[in-house]
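Colleague: Dumping the structure here so I can ask a few things about it.
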Amino acid sequence: MNNSTFFFVLLSKLKPKYDPTTFRCYFYNLAPEKMQHTDSEEQIFRVRKLEIADKGKGFIELLQQLSVCDSVSDEEFERRFQELSSLGDDHVIGVIEDEVSGKIVATGSVFIEKKFLRNCGKVGHIEDVVVDSTIRGKQLGKKIINFLTDHARSMGCYKVILDCSLDNKVFYEKCGFKQKEVQMVRYFI
């Protein structure tokens, strides 16, 4: 199978498995099932909404690890931030800040589509999920996905969907998603 992009869906009846706002991350040298702490300090990673100061904490540089994301001036960032903020809970960008380094190390977004189908139902669309390459393997991607999924559920969505590469299929299945249909795209630029 080639590196096609597939369409995934998670029905909103699934329940979160842990607190969507706080995640304690320990550094282990053994398999996760043994979970022996090897560092004298624990590091706390908390998902929160994007703040305007996050541009200076490496938010744009993190997005560059995902896709094409040219330099964004402070003015452009502020304009787009205000535009997205004006949408309220219909468009949320979640981030995780490494409290030790002060850098944004994970992000993802969800926007709410209002439909006529399903009795004027709502669908959450998850986009732009990325974890900094230097800190992967600490369940931060799952933390972001749970935060975004929980937000969609709290907004009354009957499902949440996302597109991903074939390489990321197993990760999203571990987050409770399943493959459904095929995604199509037509670029204008």
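Colleague: Distance check, please: which entries in LYS115/LYS180; LYS143/LYS178; LYS57/LYS180; LYS122/LYS143 exceed 29 angstrom between their Cα atoms?
Modeller: LYS57/LYS180
Colleague: Which FRET efficiency, nearest 0.05, do SER85 and LEU166 yield, Cβ-Cβ r, R0 25 Å?
Modeller: Between SER85 and LEU166 the formula returns 0.15.
Colleague: Please give me, ordered by residue number, the GluC sites (Glu not before Pro) of segment 42-83 that lie in loop per DSSP and have at most 16 other Cβ atoms within 10 Å.
Modeller: Here the GluC sites (Glu not before Pro) that fit, given the DSSP loop and packing criteria, are GLU42, GLU51.
Colleague: Roughly how many whole Å is it from the C-alpha centroid of segment 58-99 to that of segment 118-150?
Modeller: Going from one Cα centre to the other spans 15 Å.
Colleague: Under 17 Å from a point placed 7 Å out from the Cα of ILE189 along the Cα-to-Cβ direction: which residues of segment 117-143 have their backbone N that close?
Modeller: Label zone hits: 128.
Colleague: Skip the ligands, DNA and RNA, and give the accessible area per residue of segment 142-182 with a 1.4 Å probe, whole Å².
Modeller: In whole numbers, segment 142-182 has 46 Å² accessible per residue.
Colleague: Considering Cα pairs under 8 angstrom that are at least six residues apart, work out the relative contact order of segment 92-184 and quote it in whole percent.
Modeller: 25
Colleague: Say each of GLU78 and LEU63 gets a label point 7 Å from the Cα, pointing the same way as Cα to Cβ; how far apart are those two points in nm?
Modeller: Each label point lies 7 Å from its Cα, and together they span 1.7 nm.
The values are calculated or read from the model by the stated rules, or taken from the named source; none is laboratory data. Treat the numbers as computed from the prediction; the structure is a model and nothing was measured. Note that each Cβ is placed from the backbone with ideal geometry, even for glycine, and that neighbours are counted across all protein chains shown. Note: areas computed on protein heavy atoms with side chains; ligands, DNA, RNA excluded. Shrake-Rupley method; radii C 1.70, N 1.55, O 1.52, S 1.80 Å.
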